1. When you scan the stretch 158-171, how many residues do you find that are crowded, with 19+ Cβ neighbours inside 10 Å, out of contact with any Gly (no Cβ under 7 Å at 6 or more places or on another chain) and among the hydrophobic types (A, V, I, L, M, F, W, C)?
2. Please go through the stretch 113-131 and give me each residue that is in contact (Cβ under 8 Å) with a residue 60 or more places away in the chain and either open to solvent by 20 Å² or more (accessible area, probe 1.4 Å) or within 18 Å of residue 158 (Cα to Cα) (or both), ordered by number.
3. Which ones in the stretch 23-60 are open to solvent by 40 Å² or more (accessible area, probe 1.4 Å), more than 21 Å from residue 73 (Cβ to Cβ) and of a type in the set (A, V, I, L, M)?
4. Looking at residue 77, is it more than 18 Å from residue 104 (Cβ to Cβ), crowded, with 17+ Cβ neighbours inside 10 Å and modelled with pLDDT of 90 or more?
5. What strands (runs of 3 or more DSSP E) lie completely within the stretch 199-280 and have 1 or more residues being small (Gly, Ala, Ser) and open to solvent by less than 60 Å² (accessible area, probe 1.4 Å)?
6. Counting residues that are more than 17 Å from residue 128 (Cβ to Cβ), which helices (runs of 4 or more DSSP H) fully inside the stretch 27-109 reach at least 2?
7. Checking the conditions here, which among 189, 193 is assigned to a helix (DSSP H, G or I), polar (S, T, N, Q) and over 19 Å from residue 272 (Cα atoms)?
8. Residue pairs, Cβ under 6 Å, 6 or more apart or interchain, first in the stretch 59-80 and touching a residue at least 12 places away in the same chain (Cβ under 8 Å), second surrounded by 22 or more Cβ atoms within 10 Å (Cβ to Cβ) and in a strand (DSSP E or B). List them.
Amino acid sequence: MISLSEAIQGKKRLSSINISLRPYTNITDFGLSALLNGISTILALSELDLNFMSPGIVSSKTLESLGGLLKKCSSIATLNFQFQSTNHSNSGFFALSEGLRALKQAKHISLTISKDSISDETAALIVNAISHQRQLSKLVLCFPMCGYIRDRTFQGICSILNCNSSISKLEISLSETQFSDDAAKMFASGLNSLVDLTEILLDISQTNVSENGVICVLDCLLSLGKLRRLNLVLNHLSLSDVIGDKIATLLRHTEIINFSLFGVQSNISALAIENIQQIRKTRNFKHFLVKI
């Protein structure tokens, strides 16, 4: 990694970097930090894609180096950072939040923190840093299996949406978090501001949200006139045919042409599923998938 870092430092005009580490890569936090420090010398960088999903390789030192990189390369327009099961302290996340706050021209931000013990307060720090952006057109925030995430983080997500009405593509994954009915209401209020939204993926599987919370979100989606792509993941939720009827209504009264619904063990009946499937025959969908 140190030799790669040295090689990268010589590429002053490089505008895009994509690094993906294989699962269970044998690399130390020293090596990762050296790599990120090398990248931070490329001030012309506009696109950075880092996939560090190998469990446990990201430490506070790594996050601090990434935060420093973002401060130096504040013209980055597209950022994608994925990691899981970190060995971290709050200092690393604080440095990352400061780096995110320093970005001045961000259009696309994608952040995935998976299978982590990150606290709600710390996750909110990261999300609130992103809320300072005003030009986002694509936002991906994924916190799957981060069981301590709750209201502060959800409030931060809502703030991002309220401050970036130009978002056209949105992906939110909160499976196995403390997503509740109150969170669903906050999320729906943020969605209402996204007048240009064309694509959304929402995964709230195995959360605390009730049927009423899901209805709140679906009602909001019904008002988004430009929506064309919808992917709902509602696995292991206690739902009824009311949700099936709501989804059918949503498909009938919008211009959605790409639709996916995953609701494994969600208690939606075969009749309700058939009502949704029938809509496929009345519209020219490019993609239509229902898996219950």
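1. Final tally of qualifying residues: 3.
2. Narrowing the stretch 113-131 to residues in contact (Cβ under 8 Å) with a residue 60 or more places away in the chain: 114-115.
Matches in the stretch 113-131: 115 only.
3. 53
4. Values: more than 18 Å from residue 104 (Cβ to Cβ): no; crowded, with 17+ Cβ neighbours inside 10 Å: yes; modelled with pLDDT of 90 or more: yes.
The answer is no for residue 77.
5. Values: elements: 199-203, 229-233, 258-262.
Output list reads 258-262.
6. Numbers: elements: 29-39, 60-72, 90-102.
Hits in the stretch 27-109: 29-39, 60-72.
7. Working: 193 fails: assigned to a helix (DSSP H, G or I).
That would be 189, the only listed residue that is assigned to a helix (DSSP H, G or I), polar (S, T, N, Q) and over 19 Å from residue 272 (Cα atoms).
8. 76/48; 79/48; 79/109
The values are calculated or read from the model by the stated rules, or taken from the named source; none is laboratory data. Bear in mind the structure is a predicted one, so any value in this text is a computation, not a measurement. Virtual Cβ from ideal backbone geometry, glycine too; neighbours counted across all protein chains shown. The area values use the complete protein model at the heavy-atom level, side chains included, leaving out ligands, DNA and RNA. Shrake-Rupley method; radii C 1.70, N 1.55, O 1.52, S 1.80 Å.
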